[in-house]
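These notes are about the structure you will find just below.
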Amino acid sequence: MMRTQIPVVLVAGFLGAGKTTLLNHLLHNSSGARIGVVVNDFGSIGIDAMAVAGQVDSMVSLNNGCLCCAVDASGLDGMLARLSGADLDVIVIEASGLAEPRGLIRLLLASEHEHIEYGGLVEVVDGAEFNTVRAEHPELGEHVRLADLVVLNKIDRLADGVRETVEELAHGVPVLGVEHGRIDPSMLFELPERREEYARQLSFLDLSEEDEDHSQHAHARYDSVEFESEVPLHPRRFMEFLENRPAGIYRIKGDVDLGVPGHDKKYTVHTVGAFLRLRRSGWAAGERRGTRLVLIGAGIDGEVIGKQLRSCEEPDPSQVDSQAMLPVLRFLPEE
């Protein structure tokens, strides 16, 4: 059985933005997901690592160095190898406040580890101190544009015009406003189904649920749109949709039926921000052919997305020129 790849989510942001608060919230609200963490403390005392210790399934801490400067791709692979053997659902890299997001993305995309995949760059922005941070770090605007998802933290303390400024800087990247880092984990990674038929030990989540006031842990929720069609999609039109997807979409996942003669396999699509991956496989015996997609983001318009995807339908794929498959084939891994 082929092992599922583990998404690696990069969490970046300047000092005080709330990265560790967000991470702790994910760990407290994981719904049974097994989370591995790489904590990049830029100092001899791992304060952030100490903050999350005891709540995480597997952790690597890099002290006295910025991750994007202190290791190369092979070094990162070594860290991920230590975590990927722990049967995790997701790995979260919490970068130091001094980290350069472009370097982090480059490191992860250069990874040759076969069991991990890029899970997106989440840039945490301090909504309360935005103007001060931006004045001290003019590169903040570039960091926001590089992100796959912008988490605008501390929205209960936003100054006038800050959200509009961040959204303008993001230029179509989804911006999710939260308090105290309370993002729904389902926005970032797949949550495992609870299997009540299997006996399991009482988890940290179960113990915390017994006594805590859940109103204190409300999530900032995301938008989700589902699309289904039994009509094959035109490969070129569908790829144009993916490459020019509407603003606010963070993730797209699901299976697509293109139906082009000679290419009538099942195509599994996975996008995170601008990152796109396609995989080709056969339809299982008895499996209903068709396209089934879930699109996740912030502030997305389900009606508009549905119309755009319907416009990709091709009732007679036998008439589609095989050259129309070229945009699809270039995103498939070598077989």
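The values are calculated or read from the model by the stated rules, or taken from the named source; none is laboratory data. Everything quoted here is computed from the prediction, not taken from an experiment. Here Cβ is always computed from backbone atoms with ideal geometry, including for glycine, and neighbour counts include all displayed protein chains. Ligands, DNA and RNA are stripped out before the accessible areas are found, and what is left, the full protein with its side chains, is counted by its heavy atoms. Shrake-Rupley method; radii C 1.70, N 1.55, O 1.52, S 1.80 Å.
Quick rundown of the values:
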item: J(HN,Hα) series, region 128-143, from Karplus relation 6.51 cos²θ - 1.76 cosθ + 1.60, nearest Hz, glycine and proline x; result: 6, 10, 4, 5, 5, 5, 5, 5, 7, 10, x, 6, 4, x, 5, 4
item: Unsatisfied cross-links (Cα-Cα over 29 Å) in the set Lys19/Lys307; Lys154/Lys307; Lys265/Lys307; result: Lys19/Lys307; Lys154/Lys307
item: Accessible area, probe 1.4 Å, largest first, for residues Ser318, Ser111, Ser281; result: Ser318, Ser281, Ser111
item: Selected from Ile116, Asn131, Val151, residue furthest toward positive end of dipole (region 101-167; charges at beta carbon); result: Asn131
item: Rounded FRET efficiency, nearest 0.05, which uses the C-beta distance separating Glu168 from Ser281 and R0 of 56 Å; result: 0.85
